[in-house]
Structure formats: C-alpha cells, structure tokens
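Just so it is clear, none of the values below were taken in a lab; they were calculated from the coordinates. Computed from a prediction, not measured in an experiment: that's the story for all the values here. Here the Cβ is made from the backbone with ideal geometry for all residues, glycine too, and neighbour counts use every protein chain on show.
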Amino acid sequence: MDWLGKALESVRARKPLVHNITNFVVMNTTANALLALGASPIMAHSPEEVEELVENADSVVVNIGTLDESFTYSMIKAVLRAGELGKPVILDPVGAGATRLRTRVASHLASLGGVRVIRGNFGEISALAGELGRTRGVDTATYDEARARELALMVARNCKAVVAVTGKVDYVSDGVKVYAINPGPPSVEERVEKLVRRVTGLGCVVSALIGAYLGVENPLRAAIAGIATFKLASEKAAEEASYPGSFHVKLYDWLYRLEGDALARFGEERVREA
Amino acid sequence: MDWLGKALESVRARKPLVHNITNFVVMNTTANALLALGASPIMAHSPEEVEELVENADSVVVNIGTLDESFTYSMIKAVLRAGELGKPVILDPVGAGATRLRTRVASHLASLGGVRVIRGNFGEISALAGELGRTRGVDTATYDEARARELALMVARNCKAVVAVTGKVDYVSDGVKVYAINPGPPSVEERVEKLVRRVTGLGCVVSALIGAYLGVENPLRAAIAGIATFKLASEKAAEEASYPGSFHVKLYDWLYRLEGDALARFGEERVREA
Amino acid sequence: MDWLGKALESVRARKPLVHNITNFVVMNTTANALLALGASPIMAHSPEEVEELVENADSVVVNIGTLDESFTYSMIKAVLRAGELGKPVILDPVGAGATRLRTRVASHLASLGGVRVIRGNFGEISALAGELGRTRGVDTATYDEARARELALMVARNCKAVVAVTGKVDYVSDGVKVYAINPGPPSVEERVEKLVRRVTGLGCVVSALIGAYLGVENPLRAAIAGIATFKLASEKAAEEASYPGSFHVKLYDWLYRLEGDALARFGEERVREA
C-alpha cells in the first residue's frame, strides 16, 4: 500500500497546518501527537479569530468533547468557513449519545456541509445515525462488528462524508465502498487494547491524525491513514511499555519514529475492502 | 484491612462512571489517573449538560481550581442534582483561603447538601472552617498535626460530610471518628514528598481517586481508600524514579499495577483510628 | 557567570509565587516546568479573583495562546494591577501576527505599563514591532539573525521592556544593550532543535521560567536566566532521549536536576554581549 507510506512522508515534508477546535482534556495530547507525527497544530477556539485561522489552515479538526455555548458557536463558524473555502474538516462527535446536547451539536455540525470525515466509536456514530432519523433501535453502544460496518456505510451516505467507526475492527466508508482496518494477532491486540483503554484522549488523537492526513490526501485515504498510523504506533509502543503512563510516552515516540515503509506494509497486511 | 483491597478490586470490576467538573490544569492528569486505576472518567462542565451527566454517573468530583462564573454555575447545578438523586459528590476546595472567591464558592458548594466528602490541604480546610464561622484565628496555613486532626473532625461535623485533611499525616473524619493515614519511614517519606511537591495536580488526583471509590464504597471508606491508593502508588513510583518527570509517568503505571493485597497490607500497617 | 547560578539557587530557596494567566494547551506543562524548577505556580484566570492573586504573587506570566474575551479582560486587569504594585509581568505574545486579534491584544497588553519582559519568536516580535508602527516591511517570519538582534533592541525601546527574541541565537535587550545566548556545537544543536520542535508549549515554558526568575532578579537577568535554564535543560534531556515523548519527560527531570554551577558555566560559555 504505497500511497500510505507516501502520505506519511508528505505530512513530514509539507507539515500541514492543522487547526484544532478541541476539548480541554486533550488539547495538549493531540497537539503533541500532531507535532510528533510531523504536522503543525494550531489550537484555538475564540469566535473572534476562528475564521481567520481556518483561512490559513490546511485542515480543521472539530471535537466536541467539552463543548459549551462559545465553543459550539466557534465550531459552527469554523465549519461554515471551511465549507466555503473547500478546506477539509474532520468532526469527532465525542460523547454523542451520552447527552442530548452532544448528539444535537454533533448532528448539526455534520449537516453544515464542510465536514469531510466523521470519526467516532460505535456508540457515537450510532447516536448520529439515530439523530439523523434513518435508523431505529439504536439502544446499545456495545460494539458489534457487522453493525459497525453497516453504520459506517449508512452514516457516510446520510452525511455525505467519509465515516470511520473505530473499534475492534475499524470500518471506514465513503458511502460507496467500505474498508476494514483489521486487528493484529489476538495476543498483540489484547495487550494493546488493555493499554489504549487506560489513557485519555486516544480516540481524539486518531481524529487529530486524520486531520493531519487531510492536509495531504483525500478524505477516504486520510481516514484510513490516520487510523493505520495510530494502530501501528500503539502496537510499537505496547512492545516497549507494559503500563499506561509509560505507554503514553512511547506513543509519542513512535508517532515520531514511524517510517513510511513500515506503514505501507501495515496497510498491505491489515487494510481490506470489506 | 480486607475491605481496602476489595474496594480496589470493585473499582476495577465495576468501572464506576466518575463525572468530573474540574480545573483546566489537571483535567488530563485526573482523567488519566482514573483510567489507570480502572474507573471510567467523564470530564464535562457545560451548564447545559451537567445534570444529565450527573444522572448517569456513579459519583461526581467537583474541583474549584480554575473557577469562573460558568463553572461555578455548573458545579452548583451538579451538586444540587446529585443531592436530589443521592449520588455521592466529593468537593476539592482548591485554593480556598487564597482568594475570597474560592473560599466563598467552596463554602457554598459544601452547604448544598450533596457533598459527601471534602478533601483539601491544611490551608484549604482551615479556610473552610473559618468561613463557616465556627473557628477563629485561622491565620496560618502551616500544617500542624494536632490541628489537622481537630480540623477534620470539626469541619466534618459542620459540613455533615466526611472531611480529609491531607498532609504529612492524613486525617479523615466523618464527624464521629477520626482516622490517620500515617507516613512511611522517614527516608521513604522524604523521597516521596520531594517528588510529589514537584508535579502539579496530585492533590486533585487524590480527590479524583476518592471519587472513583465513592462509586463502590461509603464516603468514609472511599476517602481512606483514595488516599491510601495514592500514597502507595507514589511510594512505588518513587522507588523507580528519582526526578519529577519520570515520577509522574511511573505514578500512572503504579495506579494500574497496584494490587488489592498490597493495598490491604498498606491499610493494616498505616491506617489507624486517631 | 556567578549571578546566573545564584539566580537558580534563589528560585529554589525562595520559591517565588508565579501567577500564570496562560493558555489551555500548556497550563499543565508550564505548571509542571515551574514546579520542577522549584518555583510555586498559581494558574488562575477568573476576572473575579485575578487582582487578588496578583497582589500575593511575586511575578505574573501573561500568555495569549488561547485568548477569548474573558481571558483578555483578566489579562488586562492583571497587568494593570501588577503595574500599580510594581510586580513584574512577562508577556508571551503567542501567535501575534497569526491573527489580527492576537497582534492587537498583545500590543495592547504591552502598552499598559506593567510588562517588564516580552518573550516571543521572530514572527511574534516582528508582529509586535509592526503593530507599534515603528517598522516597515515585516513581511516574513523567517528567522534572520541580524534582524532578530535589531528587533529585540527596537521593540525593547518602543515598549520600555526587556525583549527576548528566541530562535537559533536568542537575543535579549533592555533597549540599551543586547545579549546573545548562543547555540551549542552544530551536532548538539541539531539534535536538540529536532526534539524541541516536536513538543508543544516549550516556548511557553521558556516564558514561564523567565516568570520564575522575575521573582528573584531584575528583568534583564531574568530573561537571560530563563532562556539559559531552558537551553541547558533541553540539551541535557536530549542527551538522554532521542524521541519527543521521552524527551518531554526528561526535560522536567532536568529542570529539577540542574545545578547552579552548571548554569553559571553555561552562561560563561554561551552568553555574550552582542
């Protein structure tokens, strides 16, 4: 999967300017992940400057993790301006489904026309599907493989965006095709999962990495590349660290160390049309 | 102290949902500490969704470290709703005594009826005691062992909550009994103290851990368990790291690694009625 | 450079109270850097308490990295109150030049009379110079050594403050003299630069460290000491870590480990009137 290795090299060469309007818990985490990868993050959310920053950015990451009125207003402004300018936006609907506010805001942002990728876990994308009025009975947030594939495809069609449902198998769809990023061998997977669940903001990191790739690739490829990069880096980090504090540190190290060739091989082995 | 080991195992088995309305400086730190321990943190402070989150949470952590009007409003809403539902709240009155605003807000939150545990250092709990109008001459924030014990007992009575005054010896009282969590041998204590003082937000971490235990135990036990867990994890971390950056990383590792048996033994050796 | 070693020892002995009104991305980072060095940070930005905190602080750090209306209001209040009380303020004009809002707010803060040190990179100080109406043709933010020296001198004169332009060579001027903090040997410099660029908030850390030194030294010396401390700590950290996650951890370790003698020697070798 040569394009995958080249996408990573492009990020490093072109250092896309990624404007992040993201939650307070992970601002530092995602900025550091983007820098480690080789992109140039800007973290800013003031309604007064958000449009000007979008104009200069290569891509925009919108994450509703700790939203309030002012944040929501900034995110709407940013998405609308990005839409006008044709700048790609990734939306991370953190906690959609957990409160009505989040489901509503996420759906509204998705409807504004600027969002090119939506990445969430099974529950979040389910909530988005429910809110959009095309599904029923979304009463569980328990990951289900067949349903995750279907969700990615359906929400991608409804939202006219690439949708990534991350979980045991990650599904990415542009509304036409669906791709799976498959887990590693069970022993590796178990070890990695145990650590990834014990560090905050790693879903947000995946979205931020997709934001970096949106600066150099089309939405479908950017979503696959962001997920693949995170997965490979976490697997490498989990080889060197057995506990969450150390794992977190090694994750940044590996976002920096990852090479295009290794990522291309990862893609060949683990990414499949599904 | 079997219940202590079992409390840790319960947190890991039941993964209590801990809703944190906390300060911007430590959001990432306390979320990672809760995840490392095995709890499920939610970090959210928007007045629009705070009540809905309280309804779904097992416990609530309210920390006034970087308060402003909107935060204060959210914290009041959360404490009132938790009180109505009987969900336990821990209040961390960060910086009470340092500004009039903080003393006032902390006292007000403590008076709303939902707070089950208050944890602060000597100066913070002293300020709370002064504000409540039952003490005089609280003109020093220098830790004093006999006074710390008395403070815990008195503020617990006044506030009808469990109060923990953390310091060299930590005192926890429910207004009837007082328990001390004693320091280790001087050489260990000195080494740990030197490092704990050089990392931000570790008091807030203790409060967050108490929040996790509030999801599975009564307030008195939760306070003791949170403090004991932090102390044991820091002592273990300080065995492996001599400087604050590395110590901080190892602290998360040890919150994850700690075993129920070791915590139970720690309790037998170091927790005493005082 | 004996005073430099003594300044570090003074920070450790006197633990100056440094009040930080800083951006959300780096709050945790700069608080930890200040604690590792030996200072006492307070992070607080509520307009309601900001003046009271300034009254008790030894120095104030004002950083516009994620400003909004409420933050701007707090920063203005803090700078004015510090000016009245003669408490030293350092201003970090993060992103000045990147948006009109930031350039305007930074210039306004610089004009209020309380700011004793301004530290920024070449682009930020250039923007400030442009806004002040005394320069022309500031159309590039690419570091230029001769221009950096001139900028430091000129903006120091215009703003009646010590100005530090950090870059390959760091220039510090009080409007009369200019000092250079010179890079190490190329092989060291390249290694350090590669890592420093991959961790967020390290410019903010330099400003925070200057804030700590402002609690014990005059503005010119505080600016030199803050920069020298950061440079030496990063060089040491880069000897022990090859990747950004690990480097970041080691940086805190070295801020704690640095000794006065080593810093004095660093000053003798690397700080020159320029």
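Below is a table of values for the structure above.
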{"read-out": "Cα Rg, Dmax (largest Cα-Cα span) when computed across the range A:196-274, Å", "value": "12.5, 36"}
{"read-out": "Tensor-based shape of the range C:11-89 (alpha-carbon gyration tensor, a/c under 1.5 rounded, otherwise prolate or oblate)", "value": "oblate"}
{"read-out": "Where labels lie 7 Å past Cα in the beta-carbon direction, separation of C:K194 and C:D261 in nm", "value": "3.2 nm"}
{"read-out": "Copy-to-copy label separations for B:E259, where each label sits 7 Å from Cα toward Cβ, in nm and ascending", "value": "4.0, 4.0"}
{"read-out": "Projected label distance in nm at C:R100 and A:S70, using a 7 Å step from Cα toward the beta-carbon", "value": "2.1 nm"}
{"read-out": "For the range C:2-273, with +1 on Lys and Arg beta carbons and -1 on Asp and Glu, the positive-most of C:A264, C:S187, C:H248 along the dipole", "value": "C:S187"}
{"read-out": "Of B:K15/C:K15; A:K15/C:K15; B:K168/C:K231; A:K77/C:K168; C:K6/C:K168; B:K236/C:K87, those spanning more than 32 Å from alpha-carbon to alpha-carbon", "value": "B:K15/C:K15; A:K15/C:K15; B:K168/C:K231; A:K77/C:K168; B:K236/C:K87"}
{"read-out": "All-pairs Cα distance distribution in the range A:73-130, expressed in whole percent, bin size 5 Å", "value": "4, 22, 31, 22, 14, 6, 1"}
{"read-out": "Computed over chain A, Kirkwood Rh from alpha-carbon pairs, angstrom", "value": "18.1 Å"}
{"read-out": "For q = 0.11, 0.15 Å⁻¹, Debye-computed log10 I/I(0) when each Cα of the range B:16-140 counts as one equal scatterer", "value": "-0.35, -0.64"}
{"read-out": "Inter-centroid distance (Cα atoms) of the range B:212-238 relative to the range B:154-185, Å", "value": "13 Å"}
{"read-out": "Sorted by Cβ neighbour density within 10 Å, fewest at the top, the residues C:Y243, C:Y213", "value": "C:Y243, C:Y213"}
{"read-out": "Candidates C:R119, C:R12, C:R147: whichever shows maximal mean-square fluctuation once chain C is modelled as a Gaussian network with Cα springs under 10 Å", "value": "C:R147"}
{"read-out": "Among A:S187, A:S74, A:S126, residue whose mean-square fluctuation peaks in a GNM of chain A (springs only between Cα atoms under 10 Å)", "value": "A:S187"}
{"read-out": "Within chain A: Cβ-based charge dipole about Cα centre, in debye rounded to nearest 20 (Lys, Arg +1; Asp, Glu -1)", "value": "400 debye"}
{"read-out": "The range B:2-273: antiparallel DSSP beta bridges as a percent of all, rounded to 5", "value": "30 percent"}
{"read-out": "Charge dipole (the protein assembly as shown, unit charges on Cβ, about Cα centre) - positive-most of A:S74, B:L53, B:Y143", "value": "A:S74"}
{"read-out": "Nm distances between copies for A:E69, ranked from closest, using label points 7 Å along Cα→Cβ", "value": "1.0, 1.0"}
{"read-out": "Distance in nm between pseudo-label sites at A:T142 and A:R272 (7 Å out along the Cβ direction from Cα)", "value": "2.5 nm"}
{"read-out": "Relative exposure of B:D261, A:D170, judged by other C-beta atoms within 10 Å (fewest first)", "value": "B:D261, A:D170"}
{"read-out": "FRET efficiency for B:L85 and C:N218, using Cβ-Cβ distance with R0 set to 41 Å, rounded to 0.05", "value": "0.15"}
{"read-out": "Principal axis box of the range C:78-208, alpha-carbon based, largest edge first, Å", "value": "46, 32, 30"}
{"read-out": "Ranked list, fewest to most other Cβ atoms within 10 Å of each Cβ, for B:K194, A:K231", "value": "B:K194, A:K231"}
{"read-out": "Label geometry 7 Å along the beta-carbon vector: A:K160 inter-copy distances in nm", "value": "5.8, 5.8"}
{"read-out": "Dipole magnitude of the range B:1-156 about its Cα centre (Cβ charges: Lys, Arg +1; Asp, Glu -1), debye to nearest 20", "value": "320 debye"}
{"read-out": "Highest-fluctuation residue, C:I90, C:I76, C:I125 considered, GNM on chain C with Cα pairs under 10 Å", "value": "C:I76"}
{"read-out": "Cα-centre dipole for the protein assembly as shown with unit charges at Cβ (Lys and Arg positive, Asp and Glu negative), debye to 20", "value": "180 debye"}
{"read-out": "Kirkwood hydrodynamic radius of the protein assembly as shown, Cα pairs, Å", "value": "27.0 Å"}
